1. Out of region 45-72, which residues are part of a loop (DSSP other than H, G, I, E, B), among the basic types (K, R) and in contact with a strand residue (DSSP E or B) (Cβ under 9 Å, 6 or more places away or on another chain)?
2. Give region 1-44 a look and list any residue that's in a helix (DSSP H, G or I) and touching a strand residue (DSSP E or B) at 6+ places or on another chain (Cβ under 8 Å), or say none.
3. Determine, yes or no, whether S44 is within 16 Å of the ligand (Cβ to nearest atom), of a type in the set (S, T, Y) and either at pLDDT below 95 or over 30 Å from D24 (Cα atoms) (or both).
4. Which of the residues belonging to region 81-116 are more than 23 Å from the chain's Cα centre (by Cα) and in a strand (DSSP E or B)?
5. Tell me yes or no: at least one residue of region 60-76 is exposed (fewer than 15 other Cβ atoms within 10 Å of the Cβ) and within 16 Å of the ligand (Cβ to nearest atom).
6. Taking the conditions exactly as written (within 21 Å of A38 (Cβ to Cβ) and either within 16 Å of the ligand (Cβ to nearest atom) or without any contact (Cβ under 8 Å) to a residue 12 or more places away in the chain (or both)), does D88 satisfy them or not?
Amino acid sequence: MHELSLMQSVVDICAARAAEQGADARVTHITLEVGLLAAVLPDSLRFCFEVCAKDTRLEGAGLEIIEIPGRARCLDCASEVSVTQLYDTCECGSFKLVVITGEELKIKQMEVEQCA
Ligand SMILES: [Zn+2]
């Protein structure tokens with residue numbers, strides 16, 4: 001499952017960053033930006049987050065997912081078009097679309113709390 005390995009790396013990165021802030025630091029909230037072209041389902045990401053976060057510094061943390069729509073630029077007519085899937089074509093008929101946004105999956109923000 002694609003989402004599970006993605007979430008595992010997100011959890012690993014966040015846990016490592018939290019660890020830098022103190023031995024007892026816990027992650028309370030993370031915000032992810034997920035491109036709609038990234039071929040991952042937000043619901044599935046949420047489920048995988050619960051699974052991956054268990055027994056880590058992220059257990060019980062809130063997860064916010066911001067969906068980034070797909071945008072691409074056409075190399076033939078230079079217009080910027082919205083795309084819903086990779087390999088969409090431009091209105092001018094060109095296949096030469098370069099994706100600008102929509103493929104990302106990145107950690108936009110995380111909140112860390114020090115536990116006593
Ligand atoms: Zn075009």
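1. R57
2. Hits for region 1-44 are L6, V10, I13, C14, A15, R17, A18, A19, P42.
3. No, not satisfied.
4. Correct list: Q114 only.
5. Yes; the residues of region 60-76 include at least one that is exposed (fewer than 15 other Cβ atoms within 10 Å of the Cβ) and within 16 Å of the ligand (Cβ to nearest atom).
6. yes
The values are calculated or read from the model by the stated rules, or taken from the named source; none is laboratory data. Every value quoted in this text rests on a predicted model; they were computed, and no experiment measured them. Note that each Cβ is placed from the backbone with ideal geometry, even for glycine, and that neighbours are counted across all protein chains shown.
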